[in-house]
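Note sheet for the following structure.
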């Protein structure tokens, strides 16, 4: 396990925990018991405090593959918004738009031709700590 | 160091080491009392290959004993190969981590 302590742009501490055997990265904002967690995408899990909307950790399954550039740039991943309970939809969207999650994920949408609605997408940003972290592999 | 070995629905042998379990519950303390539920998720859960890592699979299963609103467990399993003492390739499938999660529907959990 590789652990790197760093600081967010807000000045708050953050810890990166990378498991090279499983290629799993967990970004820990605060280590405590979560009261909710959801699958943001098939490979990204968010744990948070339900009462305060405080993100506690963000996990990336297959991290090195997730950040590997594709032919046309950074890969985008479909948000599993349809699978979030109705009463969490607004709360999760608000968290994604705010620090610290917006330092790591950028949210967008894709509107296929003749589609009835947009497909929500997420792309993994490359914060300063990532290159240092990846280069240690 | 202890380890627990189970078979999934298609009889693939998968193990969880005590070291990994301790790491799981240190990082995700909401699962501390749910070792049996995590192992049951591997035994009976719906298995889905990770879209970007063909050697990683997610197992999902509803779990009613978690504190609401958690209603399911998700386990990530690595499927690897290793050579035995005779140089033959053998499966080396192990739990990477697990989460309690909140899902709208249970259909995906199998």
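Every read-out reported here was derived from the displayed coordinates using simple, explicitly stated rules and does not represent laboratory data. Since this is a predicted model, take the numbers as computed values, not measurements. Because the Cβ atoms are built from the backbone with ideal geometry, glycine has one as well, and the counts that use them run over all protein chains shown.
Is it the case that the range B:78-87 has a residue that's within 14 Å of chain A (Cβ to nearest Cβ) and crowded, with 19+ Cβ neighbours inside 10 Å?
Yes, the range B:78-87 contains at least one residue that is within 14 Å of chain A (Cβ to nearest Cβ) and crowded, with 19+ Cβ neighbours inside 10 Å.
Scanning the range B:61-77 for residues that are within 11 Å of another protein chain (Cβ to nearest Cβ) and outside any strand (DSSP E or B), which turns out surrounded by the most Cβ atoms within 10 Å (Cβ to Cβ)? Ranking the candidates gives B:70 first.
Checking each residue in the range B:15-52 for being in a loop (DSSP other than H, G, I, E, B) and within 10 Å of the chain's Cα centre (by Cα) picks out only B:45.
In contact with a helix residue (DSSP H, G or I) (Cβ under 9 Å, 6 or more places away or on another chain) and either touching a residue at least 40 places away in the same chain (Cβ under 8 Å) or closer than 15 Å to residue A:39 by Cα (or both): is that true of residue B:8 in this structure? Here the answer is yes, as residue B:8 does meet what is asked.
The single condition among (1) crowded, with 17+ Cβ neighbours inside 10 Å; (2) outside any helix (DSSP H, G or I); (3) more than 10 Å from chain A (Cβ to nearest Cβ) that residue B:58 does not satisfy is (3). Scanning the range A:52-78 for residues that are in contact with a strand residue (DSSP E or B) (Cβ under 8 Å, 6 or more places away or on another chain) and farther than 19 Å from residue A:20 by Cα yields A:54, A:55, A:56, A:74, A:75, A:76, A:77, A:78. Checking each residue in the range B:34-67 for being in contact with a strand residue (DSSP E or B) (Cβ under 9 Å, 6 or more places away or on another chain) and over 19 Å from residue B:7 (Cα atoms) picks out B:50, B:51, B:52, B:53, B:54, B:66, B:67. From the residues in the range B:21-33 that are surrounded by fewer than 19 Cβ atoms within 10 Å (Cβ to Cβ) and facing chain A (nearest Cβ under 9 Å), which one is nearest to residue A:46 (Cα to Cα)? Of everything passing the filter in the range B:21-33, B:29 is nearest to residue A:46 (Cα to Cα).
Hey, could you check the range A:11-26 for residues that are surrounded by 11 or more Cβ atoms within 10 Å (Cβ to Cβ) and part of a loop (DSSP other than H, G, I, E, B) and say which is nearest to the other protein chains (Cβ to nearest Cβ)? Of everything passing the filter in the range A:11-26, A:22 is nearest to the other protein chains (Cβ to nearest Cβ).
Residues considered: A:51, A:36. Of these, the only one that is crowded, with 22+ Cβ neighbours inside 10 Å and within 16 Å of residue A:92 (Cβ to Cβ) is A:36. Pairs are defined by a Cβ separation below 6 Å, a sequence spacing of at least 6 or placement on different chains, a first member in the range A:104-118 that is in contact (Cβ under 8 Å) with a residue 12 or more places away in the chain and at negative phi, and a second member that is surrounded by 11 or more Cβ atoms within 10 Å (Cβ to Cβ) and in a loop (DSSP other than H, G, I, E, B); the pairs so defined are A:104/A:125; A:106/A:125; A:109/A:118. Across the range A:54-102, the qualifying residues are those that are under 18 Å from residue B:68 (Cα atoms) and at the interface with chain B (Cβ under 9 Å from one of its Cβ atoms), and the one among them that is surrounded by the fewest Cβ atoms within 10 Å (Cβ to Cβ) is A:86.
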